[in-house]
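Next up is a structure, given as structure tokens.
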Amino acid sequence: MYHQEEIECMSRASLEALQVDRLRWSVVHAYENVPLYKKRFDEAGIDPYRIESLNDIKRFPFIMKQDMRDAYPFGLFAVDRSRVKRIHASSGTTGQATVVGYTERDLKNWGDCFARGIAMVGGGASSTMQVSYGYGLFTGGLGAHRGGEAAGCMVVPASTGNTKRQIQLMRDFGVDILCATPSYALLIADTAIEMGYDPAKDFNVSGVILGAEPASERMRDEIRRKLGVRYCDVYGLSEIMGPGVAMECDQACGLHVAEDQFFVEIVDPDTLEPVEDGSYGELVITTLTRECSPLIRYRTRDLTRIIDEPCACGRTHRKIDRIVGRTDDMLIIRGVNVFPSQIEQVIMGCDKVAPHYRIMLSTQGGMDKAELLVETAPEFPFDEIRRLEGLRRRLESELKSNLQIAIDVKIVEPKALERSEGKSQRIVDLRETNARRAPHAPAMD
């Protein structure tokens with residue numbers, strides 16, 4: 001296990017005492033150094049100097065992504081700019097970009113959090129880790145890079161693109177840990193197979209740390225099988241830190257939150273009241289150690305639940321379940337609320353199609369129209385028209401039964417849909433009222 005075992009396996013009582021102490025510091029730090037927090041806390045009549053328990057956080061107001069946009073670029077920084085060593089920012093495709101800053105201590109904590117995931121796939125000082133996330137303002141590449149250095153790995157900063165070159169690097173350098181989006185990891189595997197390799201046998205890769213986009217269990221299994229690896233799911237978002245907020249251990253039953261760095265809540269997205277552990281709701285995160293960009297009760301819009309039960313791996317930090325959707329990527333099609341994850345669930349329940357699909361939204365005669373493009377599995381007889389039509393009708397029937405709305409299905413040949421070298425584009429919204437709306441992108445900017 002990574003060298004922070006004394007943190008990851010500490011008793012719950014000790015961990016919660018540490019959280020209370022750090023929560024006191026974080027709230028006061030935000031109040032004294034960020035005008036928005038002072039204004040919000042004073043308006044709510046809250047005394048930030050009187051925190052007795054973790055339950056006291058419920059008295060504080062939420063902060064939203066729009067607050068960060070309104071504060072662009074540095075309005076939420078709590079330290080002098082001379083102490084800021086790096087900034088990251090969202091793409092800004094759905095509005096003003098959100099900017100976060102990091103002090104040297106913030107960067108060290110980030111690296112330590114990601115390094116825990118490296119240990120979860122068996123990596124350490126003797127490992128060679130290839131980072132195939134994009135570098136730049138996106139947090140993925142540099143976040144994983146810092147984690148690899150913290151864990152003592154030899155880091156290969158490959159970034160994205162030039163897939164055959166990526167495969168050469170993996171072969172020549174003896175890479176044993178790969179960091180990428182799930183769709184790009186699968187593209188790397190498929191390209192290697194096309195080049196005549198058997199990645200599970202010919203490559204040295206034993207673990208993958210994959211995030212930044214959803215991945216169905218079938219896609220995860222396909223990646224495990226083709227690469228022959230241990231799979232670690234990573235959760236993060238640039239507003240909070242980047243990849244490493246939560247990491248999946250080898251038990252594969254949830255992602256351990258770095259609870260020494262973050263306090264998490266699950267609230268009902270409608271009432272904003274806390275829900276019981278085990279119930280699904282919106283994930284709310286409070287940073288406990290962030291110096292430059294502290295966030296108090298940040299609404300992530302991600303839907304998940306807390307898994308509060310002992311883990312066989314020995315880590316005591318609570319887990320969150322995989323993200324099942326977002327409150328702000330809900331599609332409204334002909335008046336019906338639909339989450340992309342609901343469509344994906346139907347697709348992944350059919351073994352005759354591959355985990356590669358695209359949802360096309362358009363307007364026809366003033367009405368919303370949804371079309372699902374999905375690839376057949378490689379072994380499916382695509383030239384047998386009757387079977388192809390039967391598969392199409394089956395998927396349309398199951399979608400209508402599950403979603404209570406008609407979605408046209410178009411079956412396409414294997415590899416007909418463009419593969420992404422970064423985040424995969426699952427949704428293309430061409431509706432007239434959303435002509436300028438950017439396609440959905442998952443968390444971890």
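If I filter region 300-314 down to residues being modelled with pLDDT of 95 or more and in contact with a Lys or Arg (Cβ under 8 Å, 6 or more places away or on another chain), which single residue comes out as nearest to residue 254 (Cα to Cα)?
Ranking the qualifying residues of region 300-314, first place goes to 307.
Now, a different point. Being of a type in the set (Gly, Ala, Ser), touching a residue at least 60 places away in the same chain (Cβ under 8 Å) and open to solvent by 10 Å² or more (accessible area, probe 1.4 Å) is the filter; apply it to region 111-160 and report the residue that is nearest to residue 247 (Cα to Cα).
Result: 119.
How many residues are touching a helix residue (DSSP H, G or I) at 6+ places or on another chain (Cβ under 8 Å) and either modelled with pLDDT of 95 or more or assigned to a loop (DSSP other than H, G, I, E, B) (or both) when one looks only at region 315-342? If you could, list the steps in order and put the result at the bottom.
Taking region 315-342 as the starting set, the residues that turn out to be touching a helix residue (DSSP H, G or I) at 6+ places or on another chain (Cβ under 8 Å) are 315-317, 324-325, 329, 331, 336, 338, 342.
If we keep only those that are either modelled with pLDDT of 95 or more or assigned to a loop (DSSP other than H, G, I, E, B) (or both) too, we end up with 315-317, 324, 329.
Qualifying residue count, region 315-342: 5.
I'd like to know if region 325-332 contains one or more residues that are over 29 Å from residue 68 (Cβ atoms), loosely packed, with under 15 Cβ neighbours inside 10 Å and either of a type in the set (A, V, I, L, M, F, W, C) or free of Cβ contacts under 8 Å to residues at least 24 places away in the same chain (or both).
Among the residues of region 325-332, not one is over 29 Å from residue 68 (Cβ atoms), loosely packed, with under 15 Cβ neighbours inside 10 Å and either of a type in the set (A, V, I, L, M, F, W, C) or free of Cβ contacts under 8 Å to residues at least 24 places away in the same chain (or both), which makes the answer no.
It is to be established whether one or more residues within region 194-204 are within 19 Å of residue 417 (Cβ to Cβ) and not polar (S, T, N, Q). Step through it out loud before you land on a result.
Of region 194-204, the ones within 19 Å of residue 417 (Cβ to Cβ) are 194.
Now drop any that are not not polar (S, T, N, Q), which leaves 194.
Yes: region 194-204 contains one or more residues that are within 19 Å of residue 417 (Cβ to Cβ) and not polar (S, T, N, Q).
If you check 98, 103, which single one turns out to be open to solvent by less than 20 Å² (accessible area, probe 1.4 Å) and either farther than 25 Å from residue 137 by Cα or at pLDDT 95 or above (or both)?
Selected residue: 103, the only one of 98, 103 that is open to solvent by less than 20 Å² (accessible area, probe 1.4 Å) and either farther than 25 Å from residue 137 by Cα or at pLDDT 95 or above (or both).
May I ask you to say which residue of 268, 277, 233, 221 is without any contact (Cβ under 8 Å) to a residue 12 or more places away in the chain and open to solvent by 20 Å² or more (accessible area, probe 1.4 Å)?
After ruling out the rest, the residue left standing is 221.
Take region 57-70 and flag every residue that is free of Cβ contacts under 8 Å to residues at least 60 places away in the same chain and either open to solvent by less than 30 Å² (accessible area, probe 1.4 Å) or out of contact with any helix residue (DSSP H, G or I) (no Cβ under 9 Å at 6 or more places or on another chain) (or both). Give the derivation first.
As a first pass, look at region 57-70 and keep what is free of Cβ contacts under 8 Å to residues at least 60 places away in the same chain: 59, 66-67, 69-70.
Matches in region 57-70: 59, 66, 67, 69.
Looking at the structure I just gave you, is residue 270 assigned to a loop (DSSP other than H, G, I, E, B) and touching a His at 6+ places or on another chain (Cβ under 9 Å)?
no
Quick test of your reading of the structure: residue 45 fulfils all but one of (1) of a type in the set (Gly, Ala, Ser); (2) open to solvent by 50 Å² or more (accessible area, probe 1.4 Å); (3) under 25 Å from residue 88 (Cβ atoms). Name the failing condition by number.
(3) is the only condition that residue 45 fails.
Just the residues that are buried (at least 18 other Cβ atoms within 10 Å of the Cβ) and not aliphatic (A, V, I, L, M), please, taken from region 164-176.
Passing the criteria: 166, 176.
Now, a different point. From the list 290, 299, exactly one residue is open to solvent by less than 70 Å² (accessible area, probe 1.4 Å), within 18 Å of residue 240 (Cα to Cα) and out of contact with any Leu (no Cβ under 9 Å at 6 or more places or on another chain). Which is it?
290
Every residue, every condition in (1) within 17 Å of residue 132 (Cα to Cα); (2) more than 15 Å from the chain's Cα centre (by Cα), yes or no:
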{"residue": "183", "(1), (2)": "yes, no"}
{"residue": "196", "(1), (2)": "no, yes"}
{"residue": "216", "(1), (2)": "no, no"}
{"residue": "225", "(1), (2)": "no, yes"}
{"residue": "229", "(1), (2)": "yes, yes"}
{"residue": "233", "(1), (2)": "yes, no"}
{"residue": "236", "(1), (2)": "yes, no"}
{"residue": "246", "(1), (2)": "no, no"}
{"residue": "254", "(1), (2)": "no, no"}
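Residues in region 387-417 that are small (Gly, Ala, Ser) and modelled with pLDDT of 90 or more: how many?
3
Consider region 179-218. How many of its residues are surrounded by fewer than 23 Cβ atoms within 10 Å (Cβ to Cβ), within 27 Å of residue 256 (Cβ to Cβ) and among the hydroxyl-bearing types (Ser, Thr, Tyr)?
Adding up the residues that qualify gives 2.
I've got another one for you. Within region 302-313, which residues are open to solvent by less than 40 Å² (accessible area, probe 1.4 Å) and assigned to a loop (DSSP other than H, G, I, E, B)?
Residues satisfying the conditions are 311, 313.
May I pose another question? Return the residue satisfying two criteria in turn: it lies in region 418-433 and is open to solvent by less than 20 Å² (accessible area, probe 1.4 Å) and either outside any loop (DSSP other than H, G, I, E, B) or touching a Lys or Arg at 6+ places or on another chain (Cβ under 6 Å) (or both), and of such residues it is modelled with the highest pLDDT.
427
Starting from region 347-366, keep only residues that are under 22 Å from residue 223 (Cβ atoms) and at pLDDT 85 or above, then list their pairs with residues that are open to solvent by less than 40 Å² (accessible area, probe 1.4 Å) and among the polar types (S, T, N, Q) whose Cβ atoms are within a distance under 8 Å, requiring at least 6 positions of separation or different chains.
Partner pairs satisfying both residue conditions: 347/216; 352/376; 353/376; 354/376.
The values are calculated or read from the model by the stated rules, or taken from the named source; none is laboratory data. Quick caveat, the model's predicted, so the values are computed rather than measured. All Cβ positions, even for glycine, are placed from backbone atoms using ideal geometry, and neighbour counts span all protein chains on display. Remember, those area values only see protein heavy atoms, side chains included, never the ligands or the DNA or RNA. Shrake-Rupley method; radii C 1.70, N 1.55, O 1.52, S 1.80 Å.
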